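Notes to accompany the following structure.
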Amino acid sequence: MSVTVVPPPPSQLQPAPTGAQWGESGLWHWQGYSCHWRVLGQREAPALLLLHGFGAASGHWRHNAATLVQAGWCVYALDLVGFGASSQPAHHRRSPLDNRLWARQVQAFLEQVVQGPAVLVGNSLGALVGITAAVFSPRWVQAVVAAPLPDPTLLLPIETRRPRWRRCLQRWIVVLLCRLLPLELLIPLIARSPLLDLGLRSAYSDQSAVDSELRRLIARPALRPTAARSLRAMSIGMALRPRQATAACLLRRMRQPLLVLWGAQDRLVPIEVSTQLAQHKADLTLQHLPGVGHCPHDEHPELFHEALLTWLARNLVDGPPHKQPWA
């Protein structure tokens, strides 16, 4: 049974209004995990929850929170378990670290901290978590904005039925390979070397957007002593998740409005993948953003805000009266 937790008063939150440390931050404890979160805006305003992508954290929405608050929203952001300043657990077969667990984390956060439904806005992995929460906890999710929505199953669907021996063999191989990888050596090496810059620059079309603050935001969680075990856990969890937790199946079951924003210059997940989405959810809205890479909210926030807020104003009857702060 879940217990409602009253959000901590401002005196228990740490104010830090600018950059990657935007808003007020706090810790919320859920099922043994410590979860870091941020908030900015009037708590009485409609709630909008920002969900980061792989390797990032709530600070990655550094260029977005203030503008969304000006448009009439109360903006929350959550570090998913395994990322940012949240707990970095090891692999547990009975509680795999995959988009189903993160969706349960989102639902509990909305119930216990936000104390009401919200619009979910996700970047990359955060978008997959958003549609997962929308399907499994529909009364807590008003709409989802995915920017973008990557999932290998959109191109390589998982078989409907697999023999038990094949599932067992796949599990054994995945777990073995993930345990053999020397992540304890690789992750600190990448975080402290030019390889980090190489990865970031592949995600951004505008190379000037890769600044020192972004590097710190990505590197700091990777240098924690529990980072390797958590990456191993999520690699196993995501590789072995059931068919019902893949994007293709989730989109078919999703009933809330969905906006998909896709950077035309995305080198991590090519724009061609976006053309596969409509066959799974015909009523979604797909918008390509010119000259933008894999992180449109951070690389070109003005373009991102215009697309997001215009769509919200048209599709949510109960949304705030947007003031078009990008104009």
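The values are calculated or read from the model by the stated rules, or taken from the named source; none is laboratory data. Being a predicted model, the structure only gives us computed values, none of them experimental. All Cβ positions, even for glycine, are placed from backbone atoms using ideal geometry, and neighbour counts span all protein chains on display.
From the list R100, R164, R104, the one residue that fits, being basic (K, R) and at pLDDT below 80, is R164. Only one of the listed residues (L258, L217, L231) is surrounded by 15 or more Cβ atoms within 10 Å (Cβ to Cβ), within 18 Å of the chain's Cα centre (by Cα) and over 30 Å from A143 (Cβ atoms). That residue is L231. Answer yes or no: is there a residue in region 283-290 that is within 18 Å of the chain's Cα centre (by Cα), crowded, with 21+ Cβ neighbours inside 10 Å and under 28 Å from V75 (Cβ atoms). No, region 283-290 contains no residue that is within 18 Å of the chain's Cα centre (by Cα), crowded, with 21+ Cβ neighbours inside 10 Å and under 28 Å from V75 (Cβ atoms). When restricted to residues that are in a loop (DSSP other than H, G, I, E, B) and out of contact with any helix residue (DSSP H, G or I) (no Cβ under 6 Å at 6 or more places or on another chain), region 137-153 contains 2. The residue of region 200-227 that is farthest from G263 (Cα to Cα), among those that are touching a residue at least 60 places away in the same chain (Cβ under 8 Å) and among the small types (G, A, S), is A227.
Summed over region 221-249, residues that are modelled with pLDDT of 90 or more, small (G, A, S) and in contact with a helix residue (DSSP H, G or I) (Cβ under 6 Å, 6 or more places away or on another chain) total 7. The single condition among (1) free of Cβ contacts under 8 Å to residues at least 60 places away in the same chain; (2) surrounded by 24 or more Cβ atoms within 10 Å (Cβ to Cβ); (3) not polar (S, T, N, Q) that L120 does not meet is (1).
How many residues does region 264-277 contain that are part of a loop (DSSP other than H, G, I, E, B) and among the small types (G, A, S)?
The total comes to 1.
Kindly list, by first and then second residue, each pair from a residue in region 142-161 that is at pLDDT below 70 to a residue that is surrounded by fewer than 17 Cβ atoms within 10 Å (Cβ to Cβ), limited to pairs with Cβ atoms under 8 Å and residues at least 6 apart or on different chains. Filtered contacts from region 142-161: I158/R243; E159/R243; T160/R243. Residues in region 93-117 that are of a type in the set (G, A, S), in contact (Cβ under 8 Å) with a residue 40 or more places away in the chain and outside any loop (DSSP other than H, G, I, E, B): 1 in all. Residue check: Y204 meets all listed conditions (1) surrounded by 21 or more Cβ atoms within 10 Å (Cβ to Cβ); (2) out of contact with any Cys (no Cβ under 7 Å at 6 or more places or on another chain); (3) within 27 Å of A20 (Cβ to Cβ) but one, namely (2).
Of all residues in region 278-319, exactly one satisfies the criterion of being in contact with a Phe, Trp or Tyr (Cβ under 6 Å, 6 or more places away or on another chain) and assigned to a loop (DSSP other than H, G, I, E, B), namely G293.
Hey, could you check region 35-76 for residues that are in a strand (DSSP E or B) and without any contact (Cβ under 8 Å) to a residue 60 or more places away in the chain and say which is farthest from A219 (Cα to Cα)?
Of region 35-76, the ones in a strand (DSSP E or B) are 35-40, 47-51, 74-76.
Of the ones still in play, those that are also without any contact (Cβ under 8 Å) to a residue 60 or more places away in the chain are 36, 38-40, 74-76.
Working: H36: 17, R38: 19, V39: 23, L40: 24, C74: 28, V75: 25, Y76: 23 Å.
Among those residues, the one meeting the criterion is C74.
Criterion first (more than 24 Å from L149 (Cα to Cα) and either in contact with a strand residue (DSSP E or B) (Cβ under 9 Å, 6 or more places away or on another chain) or not aliphatic (A, V, I, L, M) (or both)) does V75 satisfy it? Against the criterion (more than 24 Å from L149 (Cα to Cα) and either in contact with a strand residue (DSSP E or B) (Cβ under 9 Å, 6 or more places away or on another chain) or not aliphatic (A, V, I, L, M) (or both)), V75 does not qualify.
I need a count of the residues in region 228-258 that are of a type in the set (K, R), closer than 24 Å to V145 by Cβ, assigned to a helix (DSSP H, G or I) and in contact (Cβ under 8 Å) with a residue 40 or more places away in the chain.
Matching residues across region 228-258 total 1.
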